[in-house]
1. What is the local net charge at A:Thr18, summed over the other residues whose Cβ is closer than 14 Å to its Cβ (Lys, Arg +1; Asp, Glu -1)?
2. With no solvent and one point per C-alpha, what does the Debye sum give as log10 I(q)/I(0) for region A:14-138 at q = 0.10, 0.12 Å⁻¹?
3. Answer rounded, prolate or oblate for region A:8-65, using the Cα gyration tensor with square roots of eigenvalues a ≥ b ≥ c: rounded when a/c is under 1.5, else prolate when a/b is larger than b/c, else oblate.
4. Using the Kirkwood formula over every pair of different C-alpha atoms, what hydrodynamic radius in Å results for region B:144-290?
5. Going by Cα centres, region A:64-138 and region B:161-229 are how many Å apart?
6. Of all the Cα-Cα pairs you can form in region B:88-194, what percent are over 16 Å apart?
7. If r is the Cβ-Cβ distance from B:Ile235 to A:Val105 and R0 is 51 Å, what FRET efficiency results, to the nearest 0.05?
8. For B:Val259 and B:Gln313 in one chain, what is 0.36 nm times their gap in residues minus the Cα-Cα distance, to one decimal in nm?
Amino acid sequence: MIRRYVMYLFLLCGASITTFPFAWMIGTAFKTYKEAATPSLQLFPSEWQWHNLVETFQAAPFGTYFKNSFFVAFVVTTSVVLTSMMAGYAFARLDFPGRKQAFAVVLATVMVPFEVTLIPNFLIVNRLGWYDTYAALIVPWCTNAFYIFLVRQAFMGLPSDYFDAAKIDGCGHLRFLVWIAGPLVKPILVTVGLFAFLGSYNSLVWPLVVTGTDRMRVVQVGLTVFSGAEGVQFNLLMCASAIVIAPTVVLYFVAQKYFSEGLVGTGLKG
Amino acid sequence: MPNLMESRALGWINRIPAVVDTVLAVCDDLLERMGGNRLRDLPTAVLLLLPSLGLLGVFGLLPLLLAVYLSLFTGKGVNMQFAGLANYTRALSSEEFWSSLLNTFYYALGTIVGAFLISFVIASVLFRLARGRGFFRTVYFLPYITSVVAAATIWRVLLHPYAGPVNVLLTYVGVSPENLPRWLLEPKGVLHLLTNGAFPENWGPSLALCCVILFDIWHSSGFMIVILLAGLTAIPRELEEAAVIDGAGWYARNRYVIVPLISPTIFFLLIMSVIKAFQAFNSFYALTGDGRGPYDSTQNMTVYIFTNLYVYQRLGYGAAVAVLLAVAIVILTLVQWRYVGRKVHYE
């Protein structure tokens, strides 16, 4: 009995350390400038300054940033789920010459640091005439080797009897993938989708490099520019951070149910 | 949604897979007559793999080759000249290169060991809970889903030397103002600071680098907890109960029953975290403003590459260092695969 209380106490301590920065962010976001800049341990403002939200949106074009981020993240997520489902299925279920070699090449690209390909990628995108366009922000990210690997693992875990049965009934690979295998690995597809969205929405360096105008900026770049600006007020900075974080938290709560299932079924056991 | 898909207007979409399958079946048939069994799936495979392999080729492999090519040149812009391996020898004999590599090692060691120990303890406690597991898992996962930029912005305020709550707290417990740590602005080594100067100032990781490490432990532990928990849940309960009946204590149960059983999960996490630690950039950049930190004391390999490319515009040199880093990552991964992978226990 006591042991259980100790366990909960321990977990609560951990949880408060984990969430303290968020609490501080929200508290500071709605303080007055003077209160936010005064050294104190006061977590919450003496009076909540809700108008800070409005001021933040006026201080920088966060509306445009959000529109860009959401559009880019939405297209990237959809494409990543589709491409990793297709490629994952091909690597797991189809037999063709060069399958092993192709898969090894795909896996090898996971190990290449992003910084290595940053400049050449920038040159390629520039050559294509994509500088400062949505295409530059979206196209290079429409597939991901690691997610192909995850989805492949999930497809490998399906009994091959399913496919044999479907084949006898006259079902080809594509129909099997869309109507049977795809829905069976839905949790992992949702997980991949969630990670793809987070990866796109939270990315910083690439958008920083390939966009140059406010019109094309995404939220992370916007926040970096905002926080690097001279004399930015603490409270508005925290308010901007809260605004940037909010959508991902909402999305996470929506996708949660599938997400934990997805990780159990990823075949991470080997 | 289903109703819409079954309506007359959009119903044809449902038939696409079947139609394509029919076309593919004809191709299959032809290929089978020409070349036998292994070619049968080829048309389907080409169709399914083309988008991914095309994109990975253009934005993954081509840039890699270009990086290797660029690394053989020196100079800027149109004045680039072929220089052979000069960039590589320059990198390997540069002090900054090795100190960046050392910082990368400190960071990898600190984040992987730290995050793993914390996550393992929390996951094994969570695993034994009857109630509240979902709640805690959600809470612990929160930092992982927040953007590094936003989270780093918060931490910069928390660790602010004057107005940050951490130092305010330290003042309350009696630390005098001149002894307050400067956290992210402190280039001196932690060992030097902790031992009151028994170690030289430039020995070991700087306090600023340790702050980046702590930040990343905070930011990434949630992911490890969730994965470890998934691995633990897959262990049959009877095995641990049997160990308890045999009189195994806490350590023995973990060492001889639990760890071997979840070793595939641990191995996966290890491989992924090493790759991630060697590629870390965002947290350095967002926490210190330029990634380099005070007196370059947080500069790791990726920051060094970034600085060379963007601040000094040394494309060739930056590319050479990047290629060296990629080689280091590949070697490390292969070594782990060979020597650690062998100890992994598969059922």
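What follows draws every value from the coordinates through simple rules; no lab data is involved. Note that this is a predicted model, so its numbers are computed, not measured. Positions of Cβ are backbone-derived with ideal geometry, glycine not excepted, and every protein chain shown enters the neighbour counts.
1. 0
2. -0.67, -0.83
3. Oblate, because a/c is 1.5 or more while a/b does not exceed b/c.
4. 18.4
5. Value for the Cα centre distance between the two parts: 37 Å.
6. Summing the P(r) of region B:88-194 above 16 Å gives 76 percent of all pairs.
7. 0.90
8. 14.7 nm
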